[in-house]
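A short write-up of the structure that comes next.
Nothing in this text is a laboratory measurement; each read-out follows from the coordinates by a stated rule. Bear in mind the structure is a predicted one, so any value in this text is a computation, not a measurement. Cβ sites come from the backbone with ideal geometry, for glycine too, and all protein chains shown count toward neighbours.
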Amino acid sequence: MTQSTKIHTPFSPPILEGWISMENVDKINKYLDNLNKDKQKIKDQDNGPHLAGDITQETDVHDFLNQDNTLMEELMGYLKDLIDHSYVNPPNVKKVNIGQFWSVSQYGGDYNPLHMHSGDVSFVFYTKVPDLTKEYEKEKHRYIKNKKFQSGDILFAYGGYTPFSGYQRIFKPEVGKLLMFPAYLGHAVYPFKDKKQERRSFSGNISFELFDKNAI
Ligand SMILES: [Fe+2]
């Protein structure tokens, strides 16, 4: 590409890719590990019935944000980046609320079908990922050339196929990796096979309160 070349791709919902600090990854993992010791709390805070997937354990962890605001600060920094870089006319946001915040502990055979979230912006970050080297090796023969789907990946889908632009984007979970996206953007999680390994992520929905909310 020459220096004067610019390629504009304005017709797509944005997906921000960032990183949550290892300090916060460790803190929230410990929080959930402790919660897991209290079977009654896990039962009381079961978020599975509200969610789309067939997942071993999904737990409401909103209380973590009340105990520690450094994670909130990190998330808000990325939210600002997303707003600043993707809106044609940035919304006049007065306040943001994280309405829901939950953990997803996925084991072999679990999956999340194509679904969307509520609110304005959603996010997911990963705090444990299974070692799927052996599964990847076995799956090799199934891949269509240049289509890099692998077990446990997250897929985002939007629109249909058009020449010059895609209709799907896949990301591989890594510990600390954060993905932030418009809540309406459809996504799905592929299953993996190993029933002993956990793929752990935390997801949330953010809603905007606008300055001019009552103006119309
Ligand atoms: Fe989701």
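With a Förster radius of 35 Å applied to the C-beta separation of Asn34 and Phe211, the computed FRET efficiency comes to 0.35. Among Phe125, Phe149, sorting on how many other beta-carbon atoms sit within 10 Å of each Cβ, with the fewest leading, yields Phe149, Phe125. The stretch between Thr70 and Tyr190, if pulled fully straight at 0.36 nm per residue, gains 40.1 nm over its current Cα-Cα span. In summary, the chain shows an alpha-carbon radius of gyration equal to 1.09 times the 2.2 N^0.38 Å reference for compact globular proteins. For the set Lys37/Lys128; Lys39/Lys80; Lys30/Lys177; Lys27/Lys140, the pairs lying more than 27 angstrom apart at their alpha carbons are Lys39/Lys80; Lys27/Lys140.
Placing pseudo-labels 7 Å out from each Cα toward the beta carbon at Asp131 and Trp19 gives an inter-label distance of 2.2 nm. For the range 48-94, the fraction of alpha-carbon pairs lying more than 15 Å apart is 64 percent, rounded to a whole number. Give me the aspartates and glutamates in straight-line cross-link reach of Lys43: C-alpha distance below 17 Å, same-chain residues under 8 apart excluded. Filter leaves Asp33, Asp54, Glu58, Asp60, Asp63.
Using helices alone, I'd like the mean residue ellipticity at 222 nm for the chain: each DSSP H run of four-plus residues gives -39500 (n - 2.57), total over residue count, nearest 500.
-7000 deg cm²/dmol
In loop segments of the range 149-216 as defined by DSSP, the trypsin sites (Lys or Arg not before Pro) with at most 12 further C-beta atoms inside 10 Å of their C-beta are Lys195, Lys196, Lys213. When +1 charges are put on Lys and Arg Cβ atoms and -1 charges on Asp and Glu Cβ atoms, the dipole computed for the chain relative to its Cα centre reaches about 800 debye.
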